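See below for the structure under consideration.
The values are calculated or read from the model by the stated rules, or taken from the named source; none is laboratory data. The model shown is predicted, which means the values in this text are computed figures rather than measured ones. Glycine also receives a Cβ, built like all others from the backbone with ideal geometry; neighbour counts cover every protein chain displayed. Accessible surface areas use protein heavy atoms only, side chains included; no ligands, DNA or RNA. Shrake-Rupley method; radii C 1.70, N 1.55, O 1.52, S 1.80 Å.
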Amino acid sequence: MDALQNILQRVSAPQLTGPDVTAEQLDTLIQAALRAPDHAWLRPSHYISVQGEGRVALGEVFYQATPDREQLSPEKQQKIRNMAMRAPLVLVAVTKIVDHPKVPREELLLSTGAGIQNILSAAWAMGLGAIWRTGDLAYNSGVKQELGLADDEEIVGFIYVGHVNCKLKQPPELSSADFLTSWDGKSE
Ligand SMILES: Cc1cc2nc3c(=O)[nH]c(=O)nc-3n(C[C@H](O)[C@H](O)[C@H](O)COP(=O)(O)O)c2cc1C
């Protein structure tokens, strides 16, 4: 697909199914992520791949990290446990926060965000669907701990990837003029 059309036409896919994302496709997704801008080439991002039975374990981690889980209805409890089953592949996008004289924390997180966008675009280009999700569980210390992350590592997103299993929404047409101003330095 034409590179520009790929960017302009991509939409998120909330419902995803098998077959599994192949090892080659996964490698391409990570290579795309690694082409994200990265100030001082600090390589702050890494990605944890969760597939197959690992998703069942991740669902259990989500459930155990949910506050007041025993008070929830059995249906709601099961829904949380099934969350990681929403796609054949879940990529946990992680930023390692490091001290650097020229690169503030925000830029490290933004770099991972750019990597995630590359993953979404690369998935779309390969005929796959994907969606970036967070929610409270992305910022939950119990989830971080179970995934083996250190205190200086942050989850930037759970990227669900698979084959599109729903009607995709048509994005609204937005006028560039509504989002673009020009500034020439001259006061009015
Ligand atoms: C940082 C971030 C977190 C998000 N978290 C969620 C989420 O938890 N659940 C969800 O349904 N969409 C979430 N979204 C929105 C979807 O990824 C997606 O952008 C949105 O559904 C719009 O679809 P589009 O990408 O086709 O425009 C998040 C987006 C961003 C940038």
*Rounded if a/c under 1.5, otherwise prolate or oblate - region 1-106, Cα gyration tensor axes*: oblate
*Where region 3-179 is the region considered: accessible area per residue in Å², 1.4 Å probe*: 57 Å²
*Hey, with R₀ at 25 Å, roughly what FRET efficiency would Asp152 and Asp27 work out to, going by the Cβ-Cβ distance, to 0.05?*
0.40
*How large is log10 I(q)/I(0) at q = 0.11, 0.15, 0.18 Å⁻¹ when the Debye formula is applied to the Cα atoms of the chain, each weighted equally and without solvent?*
-0.57, -0.97, -1.25
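What is the magnitude of the charge dipole of the chain about its Cα centre, with +1 placed on the Cβ of each Lys and Arg, -1 on the Cβ of each Asp and Glu, and no other charges, expressed in debye to the nearest 20?
On the way: 17 positive and 23 negative charges, 86 e Å.
Dipole magnitude for the chain comes out near 420 debye.
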*According to a simple spin-label model (label point 7 Å from Cα along Cα-to-Cβ), what is the distance in nm between Ser73 and Glu106?*
4.2 nm
*Go through region 48-56 residue by residue and turn each phi into a ³J(HN,Hα) via Karplus (6.51, -1.76, 1.60, θ = phi - 60°); whole Hz please, and just put x for glycine and proline.*
9, 8, 10, 9, x, 5, x, 5, 5
*Per-residue HN-Hα couplings for region 131-141, Karplus 6.51 cos²θ - 1.76 cosθ + 1.60 at θ = phi - 60°, whole Hz, x for Gly and Pro?*
8, 9, 10, 10, x, 4, 5, 6, 10, 9, 5
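Percent relative contact order of the chain, based on C-alpha pairs within less than 8 angstrom and at least six residues apart?
Details: 282 pairs, mean separation 64.2, N = 188.
Answer for the chain is 34 percent.
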*Modelled label-to-label distance, Ser182 and Asn165, 7 Å Cα→beta-carbon offset: nm?*
4.9 nm
*To the nearest 0.05, how large is the calculated FRET efficiency for Ser175 and His39 if R₀ is 45 Å and r is the Cβ-Cβ distance?*
0.90
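Calculate, for Val98 and Gln15, the FRET efficiency according to 1/(1 + (r/R0)^6) with r their C-beta to C-beta distance and R0 41 Å; round to the nearest 0.05.
After rounding to 0.05, the efficiency reads 0.65.
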_Note, ³J(HN,Hα) from phi for region 97-109, Karplus 6.51, -1.76, 1.60, rounded to Hz, x at Gly and Pro_ = 7, 10, 7, 8, x, 10, 10, x, 3, 4, 5, 5, 5
*Would you mind checking which residues have amide H under 5 Å from Gly157's amide H? H placed 1.01 Å from N; only 5 or more apart, or other chain.*
Ala93
*asked:* Tell me which of Leu108, Val50, Thr181 sits at the most positive position along the dipole axis of the chain, charges placed on C-beta atoms (Lys, Arg +1; Asp, Glu -1).
replied: Val50
_So for each of 130-136, 163-169 I average, over its residues, the number of other beta carbons within 10 Å; can you give me the resulting order with the highest mean first?_
130-136, 163-169
*Pop out the carbon and sulfur fraction of the accessible area of the chain as a percent, whole number, probe 1.4 Å.*
53 percent
